[in-house]
Amino acid sequence: MPHLTSTDIAGRIEVLYGAPLADLEAHAQGQPPGMLSALLGMHATLALAERSIDFHRDHLARLIHPERQIGPHEVAHLLDGTRRLAEAVAVREAQATSVAAVLQSLARAPASTSAAPTPTPPAPVAPLAAQSAAHSR
C-alpha cells in the first residue's frame, strides 16, 4: 500500500463525503459517533504525527549542527529526540495504514435522483382451480 500523507487522506475523505474537510468536521461535531468521526479522528492523529516528525527532525538537526559541541547534556537530548521521532514515525505509519485500508473499503454512494424509481408491477396471480359441484363422500 503506498504511503499516504494527511493531505492525501484529507482529499480522499473529501471525495468520499463530497464536502470540504472543515465542513465535514463541523457536521460531525453535531452527530453521534460514526464512520465520519472515526475517519476525521484518524486524520487528526495522522496530521499530529506528521507535525511531530517535522518538529523532532528539525530539533535533532539543530542538536547535531556541525558547529555545535556534543556533550553529555546534548547526548541525553539526542537520545530523547530520537526516541520521540521514532514514536511519531510509528504512529504515522500505523494511522496511515489503517485509514488508507478503511478508505479503500469504502465507496461513495451514488447520488440519488429526484425522480422516484418506477415500481415494478406485481406478478400476476395464478388462477384458482375450478371447484367441482359434486361433493365427494
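Tell me whether the stretch 16-24 contains one or more residues that are over 15 Å from the mean Cα position of the chain (by Cα), hydrophobic (A, V, I, L, M, F, W, C) and open to solvent by 30 Å² or more (accessible area, probe 1.4 Å).
No - not one qualifying residue is present in the stretch 16-24.
Out of all the residues in the stretch 22-57, which are acidic (Asp, Glu) and modelled with pLDDT of 95 or more?
Within the stretch 22-57, GLU50, ASP54 qualify.
Would you check if there is a residue in the stretch 54-68 being open to solvent by less than 70 Å² (accessible area, probe 1.4 Å), part of a helix (DSSP H, G or I) and within 25 Å of SER105 (Cβ to Cβ)?
For the stretch 54-68, residues open to solvent by less than 70 Å² (accessible area, probe 1.4 Å), part of a helix (DSSP H, G or I) and within 25 Å of SER105 (Cβ to Cβ): absent.
Among the residues of the stretch 25-53, how many are part of a helix (DSSP H, G or I), open to solvent by 50 Å² or more (accessible area, probe 1.4 Å) and of a type outside the set (S, T, N, Q)?
Matching residues across the stretch 25-53 total 7.
The values are calculated or read from the model by the stated rules, or taken from the named source; none is laboratory data. The structure displayed is predicted, hence computed values, not measured ones. No Cβ is skipped: glycine too gets one built from the backbone with ideal geometry, and neighbour counts run over all protein chains shown. Ligands, DNA and RNA are stripped out before the accessible areas are found, and what is left, the full protein with its side chains, is counted by its heavy atoms. Shrake-Rupley method; radii C 1.70, N 1.55, O 1.52, S 1.80 Å.
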